[in-house]
Amino acid sequence: MGLKETITQDLTNSMKSGDKLKTETLRMLRAQILEFEKSGAGREMNADDDMKILLSSVKKRKDSIEMYEKANRNDLAEKEMKEIEIVQAYLPKQMSREEAEAVISKIIADAGTKELSKVMPLVMKELKGKLEGKVINEIVKTKIA
C-alpha cells in the first residue's frame, strides 16, 4: 500500500474516532500528495517523492516551532510537536547518531576521498529520511576534518 492509500485510510479512521489534530495533519499531508499529482510531473509517486513530502512537512513544522518559541507561543509550538510525531509515524525508523557515524565512516572509507562534495551525495543517498540533514552534515564535516 502506498503512502497516499495509507494516509487516506488513516484519515478516515481519525475522522471516525474524532481525533481532530491527527485529522488536520493527515489532511495537510494528503493535500501535499494531491498537489504533487497535479503538478504535471507525468509519473506516479515513488518512494523518494513520498520521503520528500514527509521530510518537508517535518522541516516546516520544526521551523514553525522555532518561530513560535521565539514569540513565546508555547501552545502553538506544542501543537506543531504533536503534528511532527504524527508525520514521523510514516517515515522510516530514525537512526541514532552512533549508527549514523559508523555508516558515514564506512562510506568515507569506501569513497577513498575526504572531499565534502564527493562524500556528501553518497551519504545523503544512504541516510535520507533516516536522520536529519543538518545532523548528517555535521557528522560528515567532523569525520572529514
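The values are calculated or read from the model by the stated rules, or taken from the named source; none is laboratory data. A quick note: this is a predicted structure, and the numbers were derived from the prediction, not measured. Cβ sites come from the backbone with ideal geometry, for glycine too, and all protein chains shown count toward neighbours.
Looking at segment 104-145, which of its residues are basic (Lys, Arg) and under 19 Å from the mean Cα position of the chain (by Cα)? Before the answer, list the steps.
Taking segment 104-145 first, the residues basic (Lys, Arg) are 106, 114, 118, 125, 128, 130, 134, 141, 143.
Selection gives LYS125, LYS128, LYS130, LYS134.
Please pick out the residue among LYS134, LYS62 that is part of a helix (DSSP H, G or I), among the basic types (Lys, Arg) and in the same structural domain as LEU26 (by TED's automatic domain parsing).
Working: LYS134 fails: in the same structural domain as LEU26 (by TED's automatic domain parsing).
Only one candidate qualifies: LYS62.
Answer yes if at least one residue in segment 24-41 is under 12 Å from ILE84 (Cα atoms) and either basic (Lys, Arg) or outside any helix (DSSP H, G or I) (or both), and no otherwise.
Looking for residues that are under 12 Å from ILE84 (Cα atoms) and either basic (Lys, Arg) or outside any helix (DSSP H, G or I) (or both), one finds none in segment 24-41, hence no.
Only one of (1) within 14 Å of the chain's Cα centre (by Cα); (2) hydroxyl-bearing (Ser, Thr, Tyr); (3) modelled with pLDDT of 95 or more fails for SER57. Which number is that?
(3)
Does LEU91 satisfy the condition of being part of a loop (DSSP other than H, G, I, E, B) and either surrounded by 13 or more Cβ atoms within 10 Å (Cβ to Cβ) or aromatic (Phe, Trp, Tyr) (or both)? Explain how you work it out, then say what you get.
Details: part of a loop (DSSP other than H, G, I, E, B): yes; either surrounded by 13 or more Cβ atoms within 10 Å (Cβ to Cβ) or aromatic (Phe, Trp, Tyr) (or both): yes.
For LEU91, the condition - part of a loop (DSSP other than H, G, I, E, B) and either surrounded by 13 or more Cβ atoms within 10 Å (Cβ to Cβ) or aromatic (Phe, Trp, Tyr) (or both) - is met.
Out of VAL123, VAL103, which single residue is free of Cβ contacts under 8 Å to residues at least 24 places away in the same chain and on the phi < 0 side of the Ramachandran plot? I'd like the intermediate steps shown before the answer.
Details: VAL103 fails: free of Cβ contacts under 8 Å to residues at least 24 places away in the same chain.
On inspection, the qualifying residue turns out to be VAL123.
Looking at segment 94-103, which of the residues that are more than 13 Å from the chain's Cα centre (by Cα) and loosely packed, with under 14 Cβ neighbours inside 10 Å is farthest from LEU21 (Cα to Cα)?
Quick first cut of segment 94-103, residues more than 13 Å from the chain's Cα centre (by Cα) only: 96-103.
If we keep only those that are loosely packed, with under 14 Cβ neighbours inside 10 Å as well, we get 96-99, 102.
Numbers: SER96: 28, ARG97: 30, GLU98: 33, GLU99: 33, ALA102: 37 Å.
Taking the candidates together, the pick is ALA102.
May I ask you to list the residues in segment 107-119 that are more than 14 Å from ILE136 (Cα to Cα) and either of a type in the set (S, T, N, Q) or surrounded by 12 or more Cβ atoms within 10 Å (Cβ to Cβ) (or both)?
We begin by selecting, within segment 107-119, every residue more than 14 Å from ILE136 (Cα to Cα); these are 109-115, 118.
ALA111, THR113, LYS114, LYS118 - these are the residues of segment 107-119 that are more than 14 Å from ILE136 (Cα to Cα) and either of a type in the set (S, T, N, Q) or surrounded by 12 or more Cβ atoms within 10 Å (Cβ to Cβ) (or both).
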